[in-house]
1. Calculate how steeply helix B:295-319 sits against the longest principal axis of the alpha-carbon atoms of chain B, using the helix alpha-carbon long axis, and give the answer as 0 to 90 degrees to the nearest 10.
2. Pop out the carbon and sulfur fraction of the accessible area of the protein assembly as shown as a percent, whole number, probe 1.4 Å.
3. Placing the label point 7 Å from Cα along the Cα-to-Cβ direction, what are the distances from A:SER147 to the equivalent spots in the other copies, shortest first, in nm to one decimal?
4. Rg(Cα) of the protein assembly as shown divided by 2.2 N^0.38 Å?
5. Please list, or write none, the aspartates and glutamates whose alpha carbon is within less than 17 Å of the alpha carbon of A:LYS140, excluding same-chain residues fewer than 8 places away.
6. For A:SER288 and A:GLU181, what is the calculated FRET efficiency with R₀ set at 56 Å and r taken between the beta-carbons, to the nearest 0.05?
7. Taking the full set of protein chains and a 1.4 angstrom probe, give the accessible area of A:GLU60 in square angstrom, rounded to the nearest 10.
8. Residue separation times 0.36 nm, minus the C-alpha to C-alpha distance between B:ARG295 and B:ASP85: what's the value?
Number of protein chains: 2
Amino acid sequence: MVTTLKPQLGANPERARSHNKQLVLRAIRHVGTAGRAEIARASGLSTQAVSNIISDLLNEGFLVEQGFRSAGRGLPVQQYAIKPDGGYAFGVEVRPTAVFTALVDLVGTPLLTHRTPLEDAQKDTILDTVWAQLDDALSKSQVSKGSLMGAGIVMPGPFGDTGLTGADSELPGWSTGDPAESFANRLGLSVFVENDANAAAMAERMNGVARGLDDFAYLYFGQGLGLGLVQNGQAVQGAFGNAGEIGHITVIVEGRPVELESATSRLSVQAYLARQGVTVTNMDDLTSLYFSANRHLLAWLDQAAQALSSALSIIENLFDPQTVILGGAMPDDLLDHIIARTALPERSVSNRPDRTHPRLMRGTSGRMTATLGAAALVLHQAFTPTIAEAR
Amino acid sequence: MVTTLKPQLGANPERARSHNKQLVLRAIRHVGTAGRAEIARASGLSTQAVSNIISDLLNEGFLVEQGFRSAGRGLPVQQYAIKPDGGYAFGVEVRPTAVFTALVDLVGTPLLTHRTPLEDAQKDTILDTVWAQLDDALSKSQVSKGSLMGAGIVMPGPFGDTGLTGADSELPGWSTGDPAESFANRLGLSVFVENDANAAAMAERMNGVARGLDDFAYLYFGQGLGLGLVQNGQAVQGAFGNAGEIGHITVIVEGRPVELESATSRLSVQAYLARQGVTVTNMDDLTSLYFSANRHLLAWLDQAAQALSSALSIIENLFDPQTVILGGAMPDDLLDHIIARTALPERSVSNRPDRTHPRLMRGTSGRMTATLGAAALVLHQAFTPTIAEAR
DNA sequence: AGCGTTAACTCAACTTTCTTGAGTGTTCAA
DNA sequence: TTGAACACTCAAGAAAGTTGAGTTAACGCT
């Protein structure tokens, strides 16, 4: 049995500089705007080193000066902030019937988003579509390809041939070869591939309710139900990239064991309502039903909350997160309703009196959540020090 | 809401060297014995840099030369290996009724182990006992305190005031203040605190069946049942150090939901057998019962295997590990029996045809597993590069 | 209003560590 | 026998960080 040692970077001056640059960017990003001495204290570097690095970053266009701020005694502090147009990231979400794309700037603001229906879900069709959308987005937004820092791709898992293969969310033609490599070659960009839940989680950490959190979980309502896990600031991918397949575990609803995904997911609510003779085709339908207090929908929400309570117990006790976020392709109002109705398990390590965050909170919702999350993967990478990088 | 940025080290020449030293040690440890060019390739450093670092490490007594080996063309390669007496680690496991201690050398070989009964479980009693045992171990083994690299402490969780507080495994007096700090001050050593399952997992990774694995899970049979998670080579602790409390989740046994820990743990088997009028006080009793094919024990094993199958489904789907290891304070034969009887869930991301490791395997068992694991925490730290350290 | 204290920042010299390229010695294979 | 392959060392050079002295600006006490 051969195990290979994960290549880990030895430090040399050049890599140290790159590492420190990202450390500085990360420190500035965390507080929005900062002065040099402040950054030096946060990073354990000398002010001189930080000065040199900042001068580099200014030249490279990643930072802007934000004027002086006098805080107490001493010289007024020149403030620096991330320059929004210092770089861009392309986010892609691949679905069997459509491709969603988004172009976001360095601080995470989307410049444009797009949905492209797919004729078929063949690998080449998808690659061509994404390429065309990238081209289109760049020309429409007047962004040069050189300032694109990479592309994040969200694809339905699980990856490879597993016991869950055969699920309906699958795409043909991707089981062989590394999807990241295919996209990287086709697009000529660095590519990061993740599942929808992890991407949404990273987006939430970059710009949403999980800002500054290093350990949290994200329950993503997609076609099924996915779990995004952030441990120590990094998305947990598992050994083969399939971590977070929470939809297939068994939970107890009304005393009976059911598959979690069959109780809480977009397919689940559609199927449930269909059995009651109610047809919904999109999220707006759901919202209308909700505001008309449709009793079938309310019943579904109740059983979903029950299932979620079981899932919450498992997530909390296994990962001890700072919080669990609920989000994804489900209307805000429904998410809020579910959150209000979900019983917070008493027998949980998360049931502590000194909490600073709610145990369950709502994240970004809507159809583009995962797509913007895909772009966030690129930004996250740009702000993460590289020496001894986690992965 | 204030979130503090985790202090992360900026790279400077000194830290770079320390980082690279640990990288070199880690590379050598991984293959047992290695030459300089080989290490250079593995680390991305120049051979010159590796030469310099190795010369340092030789002087500091961490490495020994292992003679030349000619492998194909070129100069015969001077081989280097970790010097066992280059450093030592002290492992401590704290239980309400006893303290277990072990002194191990740099390659993980235990020099001596000891069990000290506790008069009471007061904090000071424990600190004094550990201190006395450390002193005793050092003098008996003729190891100088200077070559002690630190102490690993295993304590029963959960830490802090949580929804699981009130469980019987608890120690009084530790809820206030950082246990690691208390031990560090009392012992005058670097201290690493972990739960039993994570410690056992790290031991397995250093010297056991998980050698070279970076993503795996460890189910630890202790008083209760704990889950150790290794993600990307690091133990997952969760936001508040309480990750892995798997014992309190609900699983299905014979169609009925039960708390996992009540179906599989040392307390569980004792209670089960007691209900049948069979008394067991230690692991040898269990082994005898097993070899006399006691039908009550066999029945318990069967329901434990059922519970474990549910747990396995959850662990695999949430975490996608390379393997799941079963170990702890339970006899080998019983663990093997359980493993043989545990149904491997079909609907699992781990159910893949291209596996290199079994889905479920037995790890180190016995009463000292966690104690040696505690010592392994120190060794792990010594072989882990420090810049941008995960935690 | 004056002046010492505090703090941020720059400049220049110095230090550490890594890399590069030339050179040496050993082994294998044509 | 000779040349290619490989491991390693030596010496020079480059990159990046640190240190300490000096400058500037604001605060706050007298």
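1. Compared with the principal axis, the helix lies near 50 degrees.
2. Carbon and sulfur together cover 49 percent of it.
3. Label-point distances to the other copies, shortest first: 6.0 nm.
4. The value comes to 0.98.
5. A:ASP85, A:ASP105
6. Calculated transfer efficiency: 0.80.
7. Looks like 80 Å² after rounding.
8. Extra length from B:ARG295 to B:ASP85 when fully extended: 70.8 nm.
The values are calculated or read from the model by the stated rules, or taken from the named source; none is laboratory data. On a predicted model such as this, the values are computed, not experimentally measured, just so you know. Glycine also receives a Cβ, built like all others from the backbone with ideal geometry; neighbour counts cover every protein chain displayed. The accessibility values were calculated without ligands, DNA or RNA, using every heavy atom of the protein model including side chains. Shrake-Rupley method; radii C 1.70, N 1.55, O 1.52, S 1.80 Å.
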